Amino acid sequence: MSWTEGLPGVAQVELLRGAAAQGPPRLLIEVPHGADRRAHYDALLARLRGPLPPDLAAFFHVNTDVGAWDLGRALAQRVTALDPAASVALIRCLLPRTFVDTNRRLDVAPGALSQGGMTAGVPSYVRDPADRALLSGLHADYVGLVDAAVAQVCQAGGAVLSPHSYAPRSVDIDGIDDDIAAVLRAAWAPEQRERWPLRPAVDLISTTAQGRNLGPVGVFAALRAALAPLGIEVADNATYHMHPATQGYRYALAWPGRVLCFELRRDLLVQRWEPFQEMAVDAVAIGRLATALAPVVAGLVPVEGGRTA
């Protein structure tokens with residue numbers, strides 16, 4: 001089976017082509033945390049049999065990348081409009097990171113994860129062996145599909161874009177275990193929210209802990225210039241760095257200069273940000289962002305001969 005066919009319940013794949021596009025896609029937009037609807041959560045929950053922490057859906061809503069998929073798709077539409085020769089593949093993970101995080105490697109020790117502020121691929125609160133086996137298998141299915149897509153696009157000289165969205169503020173918690181929902185409800189109580197530091201509106205994830213920049217050359221300056229007219233700040237690895245536990249790191253290391261990962265603050269992408277309920281995306285705001293970002297993203301797409309546009 002070709003990766004372009006997707007995997008039901010695991011990965012949604014779309015291919016958008018410009019009016020003059022020929023051949024395979026030259027840009028891949030992969031959203032590993034694209035399972036942002038309550039229906040995604042309920043569908044995988046129904047397949048699990050073991051006990052889980054109470055009120056876990058609250059953790060799902062506060063920790064899912066709402067708007068990342070919508071922005072990625074809007075970007076693909078605008079890139080193919082700007083460059084009729086461009087073709088863009090989109091991959092949306094349909095597995096909620098509450099149960100399995102496909103942007104994590106599963107062979108990383110918990111200590112290495114905590115040092116970089118990373119959550120586990122399969123959370124410790126999933127204890128049932130059959131559930132863990134199921135989630136590990138789904139993780140392998142998704143990662144295998146994305147591996148094939150990344151290889152095809154990058155071997156052809158193309159580029160990979162991975163948009164994420166994060167909560168507006170950095171909340172300090174000790175860890176993620178059975179009481180995670182209660183801890184987060186206390187942290188995000190209305191009277192507590194203002195105490196947490198506000199995150200950058202947009203933040204690149206491109207530099208390793210050792211200071212090696214794996215992202216496209218000049219992309220920080222290009223993003224900053226593109227978003228300045230909207231009054232949107234762009235930070236350079238202020239919140240996270242490229243962590244070896246992530247698939248994004250693995251792809252960027254294999255294809256330096258070809259992979260662009262970034263975070264957008266979630267409250268800029270939704271109609272109203274409320275941490276513990278399903279949020280509706282703001283199509284107008286996402287369209288405005290996509291229009292501003294599209295020329296930068298289009299510049300990552302190679303033209304014939306392998307050069308960049």
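The values are calculated or read from the model by the stated rules, or taken from the named source; none is laboratory data. Keep in mind it's a predicted model, so treat the numbers as computed, not measured. Cβ placement follows ideal geometry from the backbone for every residue including glycine, while neighbour counts extend to all protein chains displayed.
Has the stretch 133-144 got any residue that is within 30 Å of GLY299 (Cα to Cα), modelled with pLDDT of 95 or more and buried (at least 17 other Cβ atoms within 10 Å of the Cβ)?
Yes: one or more hits.
Considering only residues that are touching a Lys or Arg at 6+ places or on another chain (Cβ under 9 Å) and buried (at least 18 other Cβ atoms within 10 Å of the Cβ), which ones fall in the stretch 216-230?
Within the stretch 216-230, PRO216 is the sole residue that qualifies.
Can you name every residue in the stretch 65-88 that is under 12 Å from LEU293 (Cβ atoms) and aliphatic (A, V, I, L, M)?
Once the filter is applied, which keeps residues that are under 12 Å from LEU293 (Cβ atoms) and aliphatic (A, V, I, L, M), the stretch 65-88 yields LEU71, ALA74, LEU75, ALA76, VAL79, LEU82.
Taking only the stretch 204-214 into account, find how many residues are under 20 Å from ARG104 (Cβ atoms) and surrounded by 13 or more Cβ atoms within 10 Å (Cβ to Cβ).
Going through the stretch 204-214 one residue at a time, the tally reaches 6.
Please go through the stretch 137-192 and give me each residue that is over 30 Å from SER87 (Cα atoms), in contact with a Phe, Trp or Tyr (Cβ under 6 Å, 6 or more places away or on another chain), among the β-branched types (Val, Ile, Thr) and assigned to a helix (DSSP H, G or I), ordered by number.
Selection gives ILE180 alone.
I'd like the full set of residues that are buried (at least 19 other Cβ atoms within 10 Å of the Cβ) and in a loop (DSSP other than H, G, I, E, B), limited to the stretch 256-271.
ARG258, LEU269, listed by residue number.
Okay, residues lined up against (1) under 20 Å from CYS154 (Cβ atoms); (2) crowded, with 17+ Cβ neighbours inside 10 Å; (3) hydroxyl-bearing (Ser, Thr, Tyr):
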site: TRP3; (1), (2), (3): yes, yes, no
site: PRO8; (1), (2), (3): no, no, no
site: PRO24; (1), (2), (3): yes, no, no
site: PRO32; (1), (2), (3): yes, yes, no
site: ALA35; (1), (2), (3): no, yes, no
site: ALA39; (1), (2), (3): no, no, no
site: ARG47; (1), (2), (3): no, no, no
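Restricting attention to the stretch 180-203, does a residue exist that is among the aromatic types (Phe, Trp, Tyr) and surrounded by fewer than 18 Cβ atoms within 10 Å (Cβ to Cβ)?
Taking every residue of the stretch 180-203 in turn, at least one turns out to be among the aromatic types (Phe, Trp, Tyr) and surrounded by fewer than 18 Cβ atoms within 10 Å (Cβ to Cβ).
Give ALA21, ALA39, ALA43 a once-over and let me know the one that is in contact (Cβ under 8 Å) with a residue 60 or more places away in the chain, of a type in the set (A, V, I, L, M, F, W, C) and outside any strand (DSSP E or B).
Sole residue among the options that is in contact (Cβ under 8 Å) with a residue 60 or more places away in the chain, of a type in the set (A, V, I, L, M, F, W, C) and outside any strand (DSSP E or B): ALA21.
Working only within the stretch 236-276, note down all residues that are among the hydroxyl-bearing types (Ser, Thr, Tyr) and over 17 Å from the mean Cα position of the chain (by Cα).
Listed by number, the list is empty, since nothing qualifies.
Select, from VAL88, VAL100, VAL79, the only residue that is in a helix (DSSP H, G or I), in contact (Cβ under 8 Å) with a residue 12 or more places away in the chain and β-branched (Val, Ile, Thr).
Going through VAL88, VAL100, VAL79 in turn, just one is in a helix (DSSP H, G or I), in contact (Cβ under 8 Å) with a residue 12 or more places away in the chain and β-branched (Val, Ile, Thr): VAL79.
With the condition kept exactly as written, say whether any residue in the stretch 229-240 is within 24 Å of VAL143 (Cα to Cα), in a strand (DSSP E or B) and at pLDDT 95 or above.
Taking every residue of the stretch 229-240 in turn, none turns out to be within 24 Å of VAL143 (Cα to Cα), in a strand (DSSP E or B) and at pLDDT 95 or above.
Within the stretch 24-36, how many residues turn out to be out of contact with any Pro (no Cβ under 9 Å at 6 or more places or on another chain) and either under 17 Å from GLN277 (Cα atoms) or not in a strand (DSSP E or B) (or both)?
4
Go through the stretch 189-214 and report how many residues are more than 14 Å from TYR249 (Cβ to Cβ) and in contact (Cβ under 8 Å) with a residue 24 or more places away in the chain.
Total meeting the criteria: 9.
Just to be sure, is HIS139 in contact with a His (Cβ under 9 Å, 6 or more places away or on another chain) and in contact (Cβ under 8 Å) with a residue 12 or more places away in the chain?
No.
Which members of the stretch 151-182 meet the condition of being within 30 Å of ILE232 (Cα to Cα) and among the β-branched types (Val, Ile, Thr)?
Within the stretch 151-182, VAL160, VAL171, ILE173 meet the criteria.
If we keep just the residues of the stretch 142-164 that are without any contact (Cβ under 8 Å) to a residue 24 or more places away in the chain and closer than 16 Å to PRO24 by Cα, which is farthest from the chain's Cα centre (by Cα)?
Step by step, filter the stretch 142-164, then rank; the result is GLN155.
Which of the numbered conditions does VAL126 fail, given that it passes all the others? Conditions: (1) of a type outside the set (S, T, N, Q); (2) over 19 Å from the mean Cα position of the chain (by Cα); (3) surrounded by fewer than 20 Cβ atoms within 10 Å (Cβ to Cβ).
Against the list (1) of a type outside the set (S, T, N, Q); (2) over 19 Å from the mean Cα position of the chain (by Cα); (3) surrounded by fewer than 20 Cβ atoms within 10 Å (Cβ to Cβ), VAL126 comes up short only on (3).
May I ask you to say which residue of GLU233, GLU274 is exposed (fewer than 15 other Cβ atoms within 10 Å of the Cβ) and farther than 18 Å from THR64 by Cβ?
The conditions single out GLU233.
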